[in-house]
Amino acid sequence: MSKSEQSKAKAPLLEVKGLETSFSIEGKDYNAVDGVSFTVDRGKVVGIVGESGCGKSVMSLSVMQLLPKGIGKIRNGEVLFDGEEIQSFNEKQMNQIRGKDMAMIFQEPMTSLNPVFTIGYQIEEVLHNHFKLSKKEARNKSVQLLSAVGIPRAAKIVDEYPHQLSGGMRQRVMIAMAIACQPKLLIADEPTTALDVTVQAQILELLKDIQTKNDMGIVLITHDLGVVAESCDEVIVMYAGKIVEKTDVESLFTKPKHPYTKLMMGSIPRLEEDTEKLETIKGIVPSLTKMPQVGCRFANRCPKAMPECTEITPQLEENEQGHEVACLLYETSHPKEGVLG
Amino acid sequence: MSITENKSTKTQNLLEVKDLKMHFPVKGGFFRRTIGNVKAVDGVTFDIKKGETLGLVGESGCGKSTTGRSILRLLNPSAGSVIFDDQDITNVNGKKLRDIRKDIQMVFQDPYASLNPMQMVGNIVSEPIKNYYKNKKEEEMKEEVMELLNKVGLPEDAYYKYAHEFSGGQRQRIGIARALALRPKLIIADEPVSALDVSVQSQVLNLLNELQDEFDLTYLFIAHDLSVVKHMSDRIGVMYLGNVVEVADKHSIYKDPLHPYTQALISAVPDASNFGQKRERIVLQGDVPSPENPPSGCPFHTRCPKAMDKCSSIKPQLKEVKPGQHVACILYD
């Protein structure tokens, strides 16, 4: 084994460093994702939570290099997949790893399947793109995949069209397509949001099964803290394009640090407890064009905001072992001497 | 007709729904004959006391919205009866229906689609008042609307704005103000928060609770999210494939669910409260059957982990198994 290959095996599966993704609105560039860094290891599930508009999906599209051309672009930062910087890859190289080594499940199973092709055709397309298979082999593999994701009568469903299936079934088809080439990394963008709870339970169980079998790394984007608690190892809380808190799932739920995380947890009704009044967060996420450039972006909605919150930008730093937070309430988040100004 | 007529028989129930059925015909063939029925609601029974919130919960396609719409008579039920404030409103029409609708209002799911984009918010909220009180003075009405906007937590200048100028949560507040305009007795809220972000969702839920106290409202709260329904309701009805399978107060539903479907539904909700304690999860197999061709006997028997042979032949009726807890399952016969 050569030296480069050895280092490759040790590198984390996905490493995002200081990612900045901007969208141009009326000729000006605005950062939708602003300086995001994290890693995903093999066999781990990293959850990304936050309200709509906080940049979760843009971040995953940046990793997949699927940003809308001409509008969105990565301005800064590195995306290392399996130890390799993939931003320099051209379209052809990218197509080789996309779908094969890294795959994505989208939120809307209704809109992300092509209505005019059969289920089988769409799965076989993925297989043909990446492997040399005969038609018959591809067909057999598709049927296998469909039964692996728990679709009954797979041999028959393979010839049906997306509209003939229910929402849960379509999401299973999406998963079957995503795992067709046994990817190392799976990005699941709200995979269960459009589904009912009992179906959601089935899908989450299924993802967990596949993950342990293939030692796959998963990035799970969701706004449902319950889903995070049950399926993630590590959690990243995002607000307005920035990471505000990053830790393992247990300390996030037992001792959340950032006021935003705390409020978000207080605002969901719980099955186990009776709460008279839910916590609320006043206002809404600022729009891209009105994002404060200096200071904490949550300051105008934060009940614990101090005067300096609008002047000093809090840094995401480790506050306790493995628990990073970006909030001026914590000494660690204050900028280091000399960096100020 | 005033409601004081039958005072002797007056009960505490504001709404009684008895064996309500709503079947939609399926047309087909050359002559567009009826070739089948989608049994969206197939024999639903429940009641709501004055000042109470009854939650209706179930998966998509279980008929909870159709039930809400049939009560408001936006749909004409195929069978059964709806008794509102001691009046049978199942077959009333014309002026009587108009009078009743003043007392029952609805808050819709999609705050983006349920507000007219061409109308000022002031007009949207005052329209129900204009409709029922034709002689009301313009200024009086405006004052009333301003007060309503204030009550739901919107700024006064909202009156002159259009719906697109507001965020989802604020739009839902407009929808609530419109529903309140006629001071109804019953509000049917059909998934009022499912389109909203969690932080905004909690604002709207808190608002609904405050308004209930202030205006003495009774709610029929329809949602698919069990935690939300439990937070809002006093009692909960669980629906499956057009049937109510269990009705009980919210604590019994959560702590001691009796129907196998309720048990599975509750175990499926991912919960962040008891972190680290792994709960026993009942994962149901398969999909909800089509309401066009529902299974014989118990509608849940095809997916029920506790199904017995006779489940496919006997349709269980809703029975009081424990005080206040009604269950439709032959396990408890």
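Residues to consider are B:Ile266, B:Ile282; find the one that is at the interface with another protein chain (Cβ under 8 Å from one of its Cβ atoms), over 19 Å from B:Val44 (Cα atoms) and surrounded by fewer than 24 Cβ atoms within 10 Å (Cβ to Cβ).
It is B:Ile266.
Would you call A:Glu331 closer than 24 Å to A:Lys246 by Cβ, surrounded by fewer than 17 Cβ atoms within 10 Å (Cβ to Cβ), out of contact with any Cys (no Cβ under 9 Å at 6 or more places or on another chain) and in contact (Cβ under 8 Å) with a residue 40 or more places away in the chain? Walk me through it before giving the result.
Numbers: closer than 24 Å to A:Lys246 by Cβ: yes; surrounded by fewer than 17 Cβ atoms within 10 Å (Cβ to Cβ): yes; out of contact with any Cys (no Cβ under 9 Å at 6 or more places or on another chain): yes; in contact (Cβ under 8 Å) with a residue 40 or more places away in the chain: no.
In short, no.
So, of the residues in region A:215-237 that are away from chain B (no Cβ under 13 Å) and assigned to a strand (DSSP E or B), which turns out to be farthest from A:Cys327 (Cα to Cα)?
This residue is A:Gly217.
Among (1) part of a loop (DSSP other than H, G, I, E, B); (2) modelled with pLDDT under 85; (3) of a type in the set (A, V, I, L, M), where does A:Val199 come up short?
Checking A:Val199 against (1) part of a loop (DSSP other than H, G, I, E, B); (2) modelled with pLDDT under 85; (3) of a type in the set (A, V, I, L, M), the one that fails is (1).
Give, as residue ranges, the strands (runs of 3 or more DSSP E) completely inside region B:238-331 that count at least 1 residues that are touching a Cys at 6+ places or on another chain (Cβ under 8 Å) and among the β-branched types (Val, Ile, Thr).
Qualifying strands (runs of 3 or more DSSP E): B:243-249.
Among (1) under 25 Å from the mean Cα position of the chain (by Cα); (2) farther than 19 Å from B:Val193 by Cα; (3) of a type in the set (A, V, I, L, M, F, W, C), there is one condition B:Ala179 misses while meeting the rest; what is its number?
Condition (2) is where B:Ala179 drops out.
Pull up region B:247-259, narrow it to residues that are surrounded by fewer than 23 Cβ atoms within 10 Å (Cβ to Cβ) and not hydrophobic (A, V, I, L, M, F, W, C), then point me to the one that is nearest to the other protein chains (Cβ to nearest Cβ).
Here the answer is B:Tyr254.
Determine, yes or no, whether B:Phe30 is surrounded by 16 or more Cβ atoms within 10 Å (Cβ to Cβ) and of a type in the set (Phe, Trp, Tyr). Please lay out each step first, then the result.
Details: surrounded by 16 or more Cβ atoms within 10 Å (Cβ to Cβ): no; of a type in the set (Phe, Trp, Tyr): yes.
Spelling it out, it is not the case that B:Phe30 is surrounded by 16 or more Cβ atoms within 10 Å (Cβ to Cβ) and of a type in the set (Phe, Trp, Tyr).
Answer with yes or no whether A:Glu85 is among the acidic types (Asp, Glu), in contact with a helix residue (DSSP H, G or I) (Cβ under 6 Å, 6 or more places away or on another chain) and away from every other protein chain (no Cβ under 14 Å).
No, not satisfied.
Looking at B:Glu210, B:Glu191, which is the one that is at pLDDT 90 or above, within 18 Å of B:Arg69 (Cα to Cα), surrounded by fewer than 23 Cβ atoms within 10 Å (Cβ to Cβ) and within 14 Å of chain A (Cβ to nearest Cβ)?
B:Glu191
Please enumerate the residues belonging to region A:189-225 that are of a type in the set (Asp, Glu), in contact (Cβ under 8 Å) with a residue 12 or more places away in the chain and either touching a strand residue (DSSP E or B) at 6+ places or on another chain (Cβ under 7 Å) or within 20 Å of A:Gly99 (Cα to Cα) (or both).
Across region A:189-225, the qualifying residues are A:Asp189, A:Glu190, A:Asp215.
Which of the residues belonging to region B:198-235 are of a type in the set (D, E, K, R) and part of a helix (DSSP H, G or I)?
Correct list: B:Glu210, B:Asp213, B:Glu214, B:Lys230.
So A:Leu146 fits all but one of (1) within 14 Å of chain B (Cβ to nearest Cβ); (2) under 18 Å from A:Lys213 (Cβ atoms); (3) in contact with a Gly (Cβ under 9 Å, 6 or more places away or on another chain); what number is the exception?
That leaves (1) as the condition not met.
Consider B:Glu127 carefully, then state whether it is under 17 Å from B:Phe215 (Cα atoms), of a type outside the set (Lys, Arg) and part of a helix (DSSP H, G or I).
Details: under 17 Å from B:Phe215 (Cα atoms): no; of a type outside the set (Lys, Arg): yes; part of a helix (DSSP H, G or I): yes.
Here the answer is no, as B:Glu127 does not meet what is asked.
Can you tell me which condition A:Lys246 does not meet? The list is (1) part of a loop (DSSP other than H, G, I, E, B); (2) within 23 Å of A:Ile48 (Cα to Cα), and all the others hold.
(1)
Is there a residue in region A:319-327 that is within 30 Å of A:Thr212 (Cα to Cα), away from chain B (no Cβ under 12 Å), assigned to a loop (DSSP other than H, G, I, E, B) and modelled with pLDDT of 90 or more? Steps first, please.
Here is the first cut: in region A:319-327, the residues within 30 Å of A:Thr212 (Cα to Cα) are A:320-325.
The next check asks that each one be away from chain B (no Cβ under 12 Å); those that pass are A:320-325.
Okay, now just the ones that are also assigned to a loop (DSSP other than H, G, I, E, B), so A:321-322.
Now restrict to residues that are modelled with pLDDT of 90 or more: A:321-322.
Looking for residues that are within 30 Å of A:Thr212 (Cα to Cα), away from chain B (no Cβ under 12 Å), assigned to a loop (DSSP other than H, G, I, E, B) and modelled with pLDDT of 90 or more, one finds at least one in region A:319-327, hence yes.
Take the residues of region B:11-38 that are closer than 30 Å to B:Gln325 by Cβ and out of contact with any Ser or Thr (no Cβ under 9 Å at 6 or more places or on another chain): which is modelled with the lowest pLDDT?
B:Thr11
Just checking, how many residues over region A:32-48 are part of a strand (DSSP E or B), touching a residue at least 60 places away in the same chain (Cβ under 8 Å) and more than 20 Å from A:Ser287 (Cβ to Cβ)?
Matching residues across region A:32-48 total 7.
For region B:55-75, what are the residues that are more than 11 Å from every other protein chain (Cβ to nearest Cβ) and among the hydrophobic types (A, V, I, L, M, F, W, C)?
Across region B:55-75, the qualifying residues are B:Leu56, B:Ile71, B:Leu72, B:Leu74, B:Leu75.
Would it be correct to say that A:Met169 is assigned to a helix (DSSP H, G or I) and more than 14 Å from chain B (Cβ to nearest Cβ)?
Considered against the rule, which asks whether it is assigned to a helix (DSSP H, G or I) and more than 14 Å from chain B (Cβ to nearest Cβ), A:Met169 comes out as no.
May I ask you to verify whether A:Thr212 is on the phi < 0 side of the Ramachandran plot, under 16 Å from the mean Cα position of the chain (by Cα), surrounded by fewer than 19 Cβ atoms within 10 Å (Cβ to Cβ) and more than 10 Å from chain B (Cβ to nearest Cβ)?
Criteria not met by A:Thr212.
Against the definition (surrounded by 14 or more Cβ atoms within 10 Å (Cβ to Cβ), touching a residue at least 60 places away in the same chain (Cβ under 8 Å), in contact with an Asp or Glu (Cβ under 9 Å, 6 or more places away or on another chain) and closer than 25 Å to A:Thr193 by Cα), how does A:Val16 come out, yes or no?
Considered against the rule, which asks whether it is surrounded by 14 or more Cβ atoms within 10 Å (Cβ to Cβ), touching a residue at least 60 places away in the same chain (Cβ under 8 Å), in contact with an Asp or Glu (Cβ under 9 Å, 6 or more places away or on another chain) and closer than 25 Å to A:Thr193 by Cα, A:Val16 comes out as no.
Please work out if A:Ile312 is surrounded by fewer than 20 Cβ atoms within 10 Å (Cβ to Cβ) and either under 13 Å from A:Gly241 (Cβ atoms) or over 23 Å from the mean Cα position of the chain (by Cα) (or both). It would help to see each step written out before you state the result.
Working: surrounded by fewer than 20 Cβ atoms within 10 Å (Cβ to Cβ): yes; either under 13 Å from A:Gly241 (Cβ atoms) or over 23 Å from the mean Cα position of the chain (by Cα) (or both): yes.
Yes, satisfied.
Being away from every other protein chain (no Cβ under 14 Å) and either outside any helix (DSSP H, G or I) or free of Cβ contacts under 8 Å to residues at least 24 places away in the same chain (or both): is that true of A:Leu127 here? Talk me through it step by step, then tell me what you get.
On the way: away from every other protein chain (no Cβ under 14 Å): yes; either outside any helix (DSSP H, G or I) or free of Cβ contacts under 8 Å to residues at least 24 places away in the same chain (or both): no.
No: the conditions fail for A:Leu127.
Output the number of residues of region A:266-297 satisfying the condition of being part of a helix (DSSP H, G or I), more than 7 Å from every other protein chain (Cβ to nearest Cβ) and either under 21 Å from B:Val269 (Cα atoms) or aliphatic (A, V, I, L, M) (or both).
Qualifying residue count, region A:266-297: 2.
Do we have any residue at all in region A:184-192 that's modelled with pLDDT of 90 or more, farther than 30 Å from B:Ala264 by Cα and either in contact with a Leu (Cβ under 9 Å, 6 or more places away or on another chain) or more than 14 Å from every other protein chain (Cβ to nearest Cβ) (or both)?
Within region A:184-192 (the criterion being modelled with pLDDT of 90 or more, farther than 30 Å from B:Ala264 by Cα and either in contact with a Leu (Cβ under 9 Å, 6 or more places away or on another chain) or more than 14 Å from every other protein chain (Cβ to nearest Cβ) (or both)), the answer is yes, since at least one residue qualifies.
The values are calculated or read from the model by the stated rules, or taken from the named source; none is laboratory data. Small disclaimer: the values here were computed from a predicted structure and weren't measured. Here the Cβ is made from the backbone with ideal geometry for all residues, glycine too, and neighbour counts use every protein chain on show.
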